[in-house]
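Comments concern the structure below.
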Amino acid sequence: MAQALSFLPQTNDPNLLVGHNTADDAGVYKLSDKLALVYTVDVFAPVVDDPYTFGMIAAANSISDIYAMGGEPKLALNIVGFPSKADIKMLGEMLKGAQDKATEAGVTICGGHTFVSEEIRYGLSVIGYINPQNIVTNAQAQVGDLIVLTKPIGVGTIIQAHLLGREVSSYVKLAIESMVSLNKEASIAMQGLAHAATDITGYGLVGHLVEMAEASKVGIELYLSKVPILPGALEAFRSGVTDPGIMMNYNSFASKVEKPKDIDEDLATLVFGAETSGGLAIALPEEKLPEFANKYKKEYFIIGRVTSEPQGKVKLT
């Protein structure tokens, strides 16, 4: 993607506060000194069989980009690719799931666009509001910051195990609960405290942390043993189940990851796995952690720390 974006001319609009130059979760456009728009879009294939559940997951995933910037999501448009001969009831259930999740987030879905495709594709284009002084990007992590993660990883491997017919039904339920959970509370809790943040989606935990390290011109030390893994994910991986996203992300980011020789190779590989509607990875000063914990009533995990070196890379420890 970086190679493709290199063909585009540089944007000189002074009101574009966040563009594609830092690989952030959403763009931000200034309307006034106190108001800016946060804008994002995401479309992907179903990760579960039930269309209503997939609709909820897709909505939570798309809206999460606004939360990652510290914004308040407001409006959305459906983007649907749907086979011409597929059951229209399936489409209705999918849209209903998304609308229910959007309503939970305080987002109004006001229309959208549908096109014919061989396979189902669905997502949302979402607009939110933010004060230009309160934008949280992935480019301001400071040396000494803790890295806090708000959801376990391993969704991609569990879903792949399910598709392969493995007995992981109870684990799939936990993965779905994670995916449909909004990042709203985490977004609110980090405001005024976080130096940087990103949500963990297709590039996986390591990929998104690499992007944060590059954008912030810092290093990130990832405490591998502290990374929360969804039940069943590591076991499935060790039994031979490989999420296709692992290899994609490994090829993209492995050169920017350092690891000792005696590390758990399975775990060190699993953290490359693609996530869907993952949690927020938040960089904040250690002295701000008690205030964050007081505001955020859900479970969170301290998984690393921002370092001065190796700049632009993630070091597994």
Test result for Ser64, under 30 Å from Gly219 (Cα atoms), buried (at least 17 other Cβ atoms within 10 Å of the Cβ) and in contact (Cβ under 8 Å) with a residue 40 or more places away in the chain: yes
Which of (1) assigned to a loop (DSSP other than H, G, I, E, B); (2) in contact with an Asp or Glu (Cβ under 9 Å, 6 or more places away or on another chain) is the odd one out, the single condition Glu93 does not satisfy? (1)
Among Leu209, Leu174, the single one that is outside the structural domain of Ala26 (by TED's automatic domain parsing) and over 24 Å from Glu93 (Cβ atoms) is Leu209
Condition first: in a loop (DSSP other than H, G, I, E, B), without any contact (Cβ under 8 Å) to a residue 60 or more places away in the chain and more than 11 Å from Leu316 (Cβ to Cβ). Now tell me which residues in region 230-260 satisfy that. Gly240
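Sort through Asp49, Asp33, Asp13 and tell me the only one that's outside the structural domain of Ala215 (by TED's automatic domain parsing), closer than 20 Å to Gly156 by Cβ and out of contact with any Gly (no Cβ under 8 Å at 6 or more places or on another chain). Full working, then the answer.
On the way: Asp33 fails: closer than 20 Å to Gly156 by Cβ; Asp13 fails: closer than 20 Å to Gly156 by Cβ.
Of Asp49, Asp33, Asp13, the one residue that is outside the structural domain of Ala215 (by TED's automatic domain parsing), closer than 20 Å to Gly156 by Cβ and out of contact with any Gly (no Cβ under 8 Å at 6 or more places or on another chain) is Asp49.
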Mind checking which strands (runs of 3 or more DSSP E) fall wholly inside region 1-83 and carry at least 1 residues that are more than 13 Å from the chain's Cα centre (by Cα) and more than 26 Å from Ile282 (Cα to Cα)? 27-32, 72-82
Tell me, yes or no, whether region 269-277 has at least one residue that is part of a loop (DSSP other than H, G, I, E, B), of a type in the set (A, V, I, L, M) and out of contact with any Gly (no Cβ under 6 Å at 6 or more places or on another chain). yes
Sole residue being of a type in the set (Ser, Thr, Tyr), free of Cβ contacts under 8 Å to residues at least 24 places away in the same chain, in the same structural domain as Glu291 (by TED's automatic domain parsing) and over 18 Å from Gly278 (Cβ atoms), chosen from Ser169, Ser216: Ser169
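Quick one: in region 94-123, which of the residues that are of a type in the set (A, V, I, L, M) and under 19 Å from the mean Cα position of the chain (by Cα) is surrounded by the most Cβ atoms within 10 Å (Cβ to Cβ)?
Ala98
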Have a look at Ile147, Ile159 and point out the one that is crowded, with 18+ Cβ neighbours inside 10 Å, farther than 15 Å from Phe54 by Cα and among the β-branched types (Val, Ile, Thr). Ile147
Are any residues in region 48-97 over 30 Å from Ala196 (Cβ atoms) and among the acidic types (Asp, Glu), and if so, which ones? Asp49, Asp50, Asp87, Glu93
Which listed residue, of Gly232, Gly273, Gly240, is assigned by TED's automatic domain parsing to the domain that holds His162 and touching an Asp or Glu at 6+ places or on another chain (Cβ under 9 Å): Gly273
Among (1) more than 16 Å from the chain's Cα centre (by Cα); (2) at pLDDT 95 or above; (3) acidic (Asp, Glu) - the single one Glu211 does not satisfy: (1)
When region 47-69 is examined, which residues are found to be out of contact with any Pro (no Cβ under 7 Å at 6 or more places or on another chain) and more than 27 Å from His20 (Cβ to Cβ)? Val48, Asp49, Asp50, Pro51, Tyr52, Thr53, Gly55, Met56
In the list Leu193, Leu164, which residue meets the criterion of being surrounded by fewer than 22 Cβ atoms within 10 Å (Cβ to Cβ) and either of a type in the set (Asp, Glu) or over 23 Å from Gly70 (Cβ atoms) (or both)? Leu164
Do you know which residues across region 243-253 are of a type outside the set (Asp, Glu) and crowded, with 17+ Cβ neighbours inside 10 Å? Gly245, Ile246, Met248, Asn249, Tyr250, Ser252, Phe253
When Val241 is evaluated against the numbered criteria (1) in contact with a strand residue (DSSP E or B) (Cβ under 7 Å, 6 or more places away or on another chain); (2) farther than 15 Å from Leu149 by Cβ; (3) of a type in the set (A, V, I, L, M), which criterion, by number, is the only one it fails? (1)
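The values are calculated or read from the model by the stated rules, or taken from the named source; none is laboratory data. These figures come from a predicted structure and were not determined experimentally. A quick note on method: Cβ atoms are made from the backbone with ideal geometry, for glycine too, and the neighbour counts reach across all protein chains shown.
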